[in-house]
1. For segment 45-70, which positions are among the β-branched types (Val, Ile, Thr) and touching a residue at least 40 places away in the same chain (Cβ under 8 Å)?
2. Restricting to segment 94-132, give me the number of residues that are under 21 Å from the mean Cα position of the chain (by Cα) and either over 28 Å from residue 38 (Cβ atoms) or loosely packed, with under 10 Cβ neighbours inside 10 Å (or both).
3. For residue 35, all conditions in the list (1) at pLDDT 90 or above; (2) exposed (fewer than 11 other Cβ atoms within 10 Å of the Cβ); (3) under 30 Å from residue 19 (Cα atoms) hold save one; what is the number of the exception?
4. Suppose we filter segment 51-70 for residues that are modelled with pLDDT of 90 or more, among the charged types (D, E, K, R) and either within 12 Å of residue 34 (Cα to Cα) or part of a strand (DSSP E or B) (or both); how many remain?
5. Return yes or no: is residue 34 in contact with a Gly (Cβ under 9 Å, 6 or more places away or on another chain) and of a type outside the set (Lys, Arg)?
6. Give the residue that is nearest to the chain's Cα centre (by Cα), with candidates limited to residues of segment 16-32 that are modelled with pLDDT of 90 or more, loosely packed, with under 14 Cβ neighbours inside 10 Å and of a type outside the set (A, V, I, L, M).
7. Would you mind stating whether residue 76 is surrounded by 13 or more Cβ atoms within 10 Å (Cβ to Cβ), within 14 Å of the chain's Cα centre (by Cα) and not in a loop (DSSP other than H, G, I, E, B)?
Amino acid sequence: MNIRVRVTGVRVQVDQRAAHEVASAYGQQLVTEVLRQSLNRATVLTPVDFGNLRAHNRQRMAVRPQQVYGELFNDADYAAAVHNGHKAYTIRPRKKKALKFVIDGEVVFARKVRMPATKGRPFLATAVREVATAHGFTWTPIAV
């Protein structure tokens with residue numbers, strides 16, 4: 001004896017609010033984990049002279065309707081110059097006639113100092129790209 005059952009239609013009712021809450025909770029969990037791993041990776045990749053730049057690596061997450069996003073940033077004054085590099089420039093005194101600084105324990109005066117251009121060392125972008133792509137995210141750099 002064979003019994004055949006044929007389904008011609010299915011009616012599904014989805015509780016939109018509950019579905020949104022579940023998706024938002026999962027999104028927050030996933031973004032938090034990626035941010036944490038990215039911050040750890042950025043800490044390893046940050047160039048270090050005295051540790052100040054490394055100490056200023058930060059993360060921030062925000063939740064908006066239909067969106068969960070995270071940011072990895074560094075709030076040190078010179079972070080952009082290290083991360084993106086900079087052009088050559090000249091430093092001149094503002095109020096006095098000369099600049100004063102110490103080299104090897106000896107006081108030196110100069111009317112100007114020429115700073116060479118430097119290549120960027122994108123420690124934050126590299127960290128986010130490595131971690132986010134490993135988790136299946138699409139990485140898009142933001143032009144600032």
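1. Our first condition is that a residue be among the β-branched types (Val, Ile, Thr); within segment 45-70, this holds for 46, 48, 63, 68.
If the condition is that a residue be among the β-branched types (Val, Ile, Thr) and touching a residue at least 40 places away in the same chain (Cβ under 8 Å), then 46, 68 are the ones that fit.
2. Just the residues of segment 94-132 that are under 21 Å from the mean Cα position of the chain (by Cα), to begin with: 118-132.
Now narrow it down to the ones that are either over 28 Å from residue 38 (Cβ atoms) or loosely packed, with under 10 Cβ neighbours inside 10 Å (or both): 119.
The qualifying residues number 1.
3. Every listed condition holds for residue 35 apart from (2).
4. 2
5. On the way: in contact with a Gly (Cβ under 9 Å, 6 or more places away or on another chain): yes; of a type outside the set (Lys, Arg): yes.
It is true that residue 34 is in contact with a Gly (Cβ under 9 Å, 6 or more places away or on another chain) and of a type outside the set (Lys, Arg).
6. The extreme case among them is 29.
7. Numbers: surrounded by 13 or more Cβ atoms within 10 Å (Cβ to Cβ): yes; within 14 Å of the chain's Cα centre (by Cα): yes; not in a loop (DSSP other than H, G, I, E, B): no.
In short, no.
Every residue, every condition in (1) polar (S, T, N, Q); (2) part of a strand (DSSP E or B), yes or no:
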| site | (1), (2) |
| --- | --- |
| 100 | no, yes |
| 107 | no, yes |
| 126 | yes, no |
| 131 | no, no |
| 136 | no, no |
| 141 | no, no |
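The values are calculated or read from the model by the stated rules, or taken from the named source; none is laboratory data. The structure presented is a predicted model; accordingly, all values stated were derived computationally and were not measured. Neighbour counts are summed over all protein chains in view; Cβ atoms, including those assigned to glycine, are modelled from backbone coordinates with ideal geometry.
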